[in-house]
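See structure below.
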């Protein structure tokens, strides 16, 4: 039978340290409470080196992998672990069951390490924190809160629900982007083929007959020659821009500028902004409802926001709460963006030069958090239902992102058709105008 080391407080406040034998942590806690003690720390007693060395063979199941655990895999694992815990299985046995049925990869390696750590006396949260590629700070802190409150299965259910909602929203956004991206790539491929193979053949015909070409045809032939001479720039330019932006984002100012640009860029900016609001409010609500201290919850939300503007806002809210203020007031005061030179640079570079500069200057002080969000947070703090209000905000913004994504997809379809139709029409007119003139000349000559 496993032996547990524990620290507890008796009725007089004196600290008690002892060991107890029990089949699980839950049974050990119950037995200690029956003695009239309040448990402050409970861990499986560490084995001697000789015993631990016998278990080295367990690590034989580990494989070499690159990267971390996908969100889909982690969500499935969390849901399965929640079911096993709800069924009453000890945590170590649950983890070993899931580790055995996992495919070789990052998650299986992390579970092997986690099981070894728990057998050595660590708690679940401590063991998971040793595998950051699989379990991030949000995950570990929620597990820690579940252990402290004795409601691990409830926390796991909330965590699984949070991950499922986040995945569902991400799938909707990605799914909506697949169609236009595929159409654009296919259209570019067809147009490049026309410029490289079809237009040069027509150019030879026109030269053989010495026909004077209309301006529109000269433009098309000029574009065809450019594509033939510099075709490698077609993939090189977007790749170069991507590498340039990636390099700039290595610096704090560059990252802040790019993140502000993406928040306020035409069409897509609103989706990005509402998506981040939905995700951060759901993270904060999940952490608060799980019993994580508000300062720690804000710190985790800040780190997982994924946008420098939101990181700055949540950081200022964190500082204000540490000084004794509520959440709503500093959130409202710091919801406005500030002028950022790199954001101006990106607007000028990507959005039609001076026009982009003017647009940015008019939107430089816009909000990233609506007053509705601030008011709901304020009501939540006053009523003691902060987590409920944050969930409602997240649900509302999830719905708005879904509607915006569907509307954007519906709008892009006719825009793509019109654009491609215009390009094809330009090519047809440019090629057939001199052909018609040539046929007319030949007919007149006869």
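The values are calculated or read from the model by the stated rules, or taken from the named source; none is laboratory data. Not measured: the values here are computed from a predicted model. For neighbour counting, all protein chains shown are included, and Cβ atoms are generated from backbone atoms with ideal geometry for every residue, glycine included.
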Practice prompt. Pull up segment 100-112, narrow it to residues that are in a helix (DSSP H, G or I) and within 26 Å of the chain's Cα centre (by Cα), then point me to the one that is farthest from residue 66 (Cα to Cα).
Written response: 111
Discussion item. Given the criteria at pLDDT below 85 and either under 24 Å from residue 269 (Cβ atoms) or exposed (fewer than 15 other Cβ atoms within 10 Å of the Cβ) (or both), does residue 399 qualify?
Written reply: no
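Residues to consider are 194, 143, 118; find the one that is part of a helix (DSSP H, G or I) and free of Cβ contacts under 8 Å to residues at least 60 places away in the same chain.
Details: 194 fails: free of Cβ contacts under 8 Å to residues at least 60 places away in the same chain; 118 fails: free of Cβ contacts under 8 Å to residues at least 60 places away in the same chain.
Answer to the check: 143.
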Discussion item. List the residue pairs whose Cβ atoms are under 7 Å apart, where the first residue sits in segment 262-278 and is at positive phi, the second is surrounded by fewer than 17 Cβ atoms within 10 Å (Cβ to Cβ) and in a helix (DSSP H, G or I), and the two are 6 or more positions apart or on different chains.
Written reply: none
Worksheet item: Which members of segment 145-155 meet the condition of being surrounded by 21 or more Cβ atoms within 10 Å (Cβ to Cβ) and either closer than 14 Å to residue 83 by Cβ or modelled with pLDDT of 80 or more (or both)?
Response: 152, 155
Worksheet entry | Answer from 370, 378 - the residue that is out of contact with any strand residue (DSSP E or B) (no Cβ under 6 Å at 6 or more places or on another chain), modelled with pLDDT of 85 or more and under 24 Å from residue 169 (Cβ atoms) | 370
Worksheet item: When you go through 225, 249 one by one, which is the residue that is modelled with pLDDT of 85 or more and either exposed (fewer than 11 other Cβ atoms within 10 Å of the Cβ) or under 26 Å from residue 335 (Cα atoms) (or both)?
Response: 249
Worksheet item: Does residue 361 satisfy the condition of being outside the structural domain of residue 261 (by TED's automatic domain parsing), loosely packed, with under 14 Cβ neighbours inside 10 Å and either touching a helix residue (DSSP H, G or I) at 6+ places or on another chain (Cβ under 6 Å) or part of a helix (DSSP H, G or I) (or both)?
Response: no
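From 269, 285, 324, which residue is over 14 Å from the mean Cα position of the chain (by Cα) and not in a helix (DSSP H, G or I)?
Numbers: 269 fails: not in a helix (DSSP H, G or I); 285 fails: not in a helix (DSSP H, G or I).
Step by step, each of 269, 285, 324 is checked, and only 324 is over 14 Å from the mean Cα position of the chain (by Cα) and not in a helix (DSSP H, G or I).
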Worksheet entry | Residue list for segment 121-138, restricted to those being surrounded by fewer than 20 Cβ atoms within 10 Å (Cβ to Cβ) and in contact (Cβ under 8 Å) with a residue 60 or more places away in the chain | 121, 122, 133, 136, 137
Worksheet item: residue 254: within 19 Å of the chain's Cα centre (by Cα), part of a helix (DSSP H, G or I) and within 26 Å of residue 337 (Cβ to Cβ), yes or no?
Response: no
Discussion item. Considering only segment 385-393, I want to know if a residue exists there that is out of contact with any strand residue (DSSP E or B) (no Cβ under 8 Å at 6 or more places or on another chain), surrounded by 13 or more Cβ atoms within 10 Å (Cβ to Cβ) and within 25 Å of residue 266 (Cα to Cα).
Written reply: yes
Fill in: Within segment 156-183, considering residues that are more than 14 Å from residue 282 (Cα to Cα) and in contact with a helix residue (DSSP H, G or I) (Cβ under 7 Å, 6 or more places away or on another chain), the one surrounded by the most Cβ atoms within 10 Å (Cβ to Cβ)
156
Worksheet item: Looking at residue 257, is it over 24 Å from residue 358 (Cα atoms) and touching a residue at least 24 places away in the same chain (Cβ under 8 Å)?
Response: no
Worksheet item: Within segment 188-206, which residues are surrounded by fewer than 17 Cβ atoms within 10 Å (Cβ to Cβ) and closer than 21 Å to residue 443 by Cβ?
Response: 205
Worksheet item: Looking at segment 63-98, which of its residues are farther than 18 Å from residue 140 by Cβ and more than 23 Å from the chain's Cα centre (by Cα)?
Response: 63, 64, 83, 84, 86, 87, 88, 89, 90, 93, 96, 97
